[in-house]
Amino acid sequence: MVNGLAVLFVIGSYLLGSIPSAYLVGKWSKGKDITRAGTGTTGAANVWQTVSHGAGAAAFLADMIKGALPPFLGQLLGLGLTTAVSGALASVIGHNWSVFLGFKGGRGIATVVGAFLVLAPREGAVSILTGLLGTPFRQTAPFVLAGVAVFPALSWYSGAPYPLMAAGTAIWLVIVIKRLEANRRPMTPGAHPWQVLWYRFIYDRDVRDRKEWLKGRGEE
């Protein structure tokens, strides 16, 4: 039998994740529409790069809280691990495909960080550290993707409950799908589709060079 409270909890988690924190921070702090600046995504990284570092940090914290609240509340209210991890997944989906932004959004990384740290702090910390390895090389996207994949792998290795491993895998797939569909952005005319998809998968953009990518988007 379907638990009505659990269904409402998951729907609420999606709506929580859908709150466009980064977009609101950009608007409130500098009156800037981040969907028309930088990468065009409504995430903390775009706020950091196009508005200010302080605003970017605030957006990251807000997005992280969106991911942390559902699993925290789900377990606090005694709804069970399956419902708690489903809420975390729903929040990430809401951030990436916000009902308030025409089902567009960010990449969900800050939201994932919050969810992972609540669901399994040890595995979450290793996942985050893996993602940060690319920072000195200015190639964060491949390492972030690997970092998200580390979570379900470590969960399996440590013998964590199945719902935790399943949620970690599903979240990784959500991140991959978001990269590939890129807020339904059309591919550059004349570009080879498979190459574009490969660059989106690895580098989270349509070309390998980031400066060229931002120039092509008409960065403000």
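The values are calculated or read from the model by the stated rules, or taken from the named source; none is laboratory data. These figures come from a predicted structure and were not determined experimentally. Neighbour counts run over all protein chains shown; Cβ positions are idealised from the backbone, glycine included.
Can you pull out the residues in segment 25-53 that are outside any helix (DSSP H, G or I), of a type in the set (Gly, Ala, Ser) and over 18 Å from GLU181 (Cβ atoms)? First the steps, then the outcome.
Within segment 25-53, the subset outside any helix (DSSP H, G or I) is 31-33, 37-43, 51-52.
Imposing the further condition that a residue be of a type in the set (Gly, Ala, Ser) reduces the set to 31, 37-38, 40, 43, 52.
If the condition is that a residue be outside any helix (DSSP H, G or I), of a type in the set (Gly, Ala, Ser) and over 18 Å from GLU181 (Cβ atoms), then GLY31, ALA37, GLY38, SER52 are the ones that fit.
Only one of VAL92, VAL112, VAL126 is part of a helix (DSSP H, G or I), closer than 21 Å to VAL7 by Cβ and at pLDDT 95 or above; which?
Among VAL92, VAL112, VAL126, only VAL92 is part of a helix (DSSP H, G or I), closer than 21 Å to VAL7 by Cβ and at pLDDT 95 or above.
Which of (1) surrounded by 20 or more Cβ atoms within 10 Å (Cβ to Cβ); (2) out of contact with any Gly (no Cβ under 8 Å at 6 or more places or on another chain); (3) over 15 Å from PRO20 (Cα atoms) is the odd one out, the single condition PHE60 does not satisfy?
Result: PHE60 fails condition (3) only.
Of all residues in segment 159-205 being of a type in the set (Phe, Trp, Tyr) and without any contact (Cβ under 8 Å) to a residue 24 or more places away in the chain, which is nearest to THR41 (Cα to Cα)?
Going through the qualifying residues, I end up with TYR199.
Within segment 138-145, does at least one residue satisfy the condition of being basic (Lys, Arg), under 25 Å from LEU16 (Cα atoms) and modelled with pLDDT under 95? Before you say what the answer is, go through the steps one by one.
Residues of segment 138-145 basic (Lys, Arg): 138.
Filter once more, so that each one left must be under 25 Å from LEU16 (Cα atoms): none.
Scanning segment 138-145, I find no residue that is basic (Lys, Arg), under 25 Å from LEU16 (Cα atoms) and modelled with pLDDT under 95, so the answer is no.
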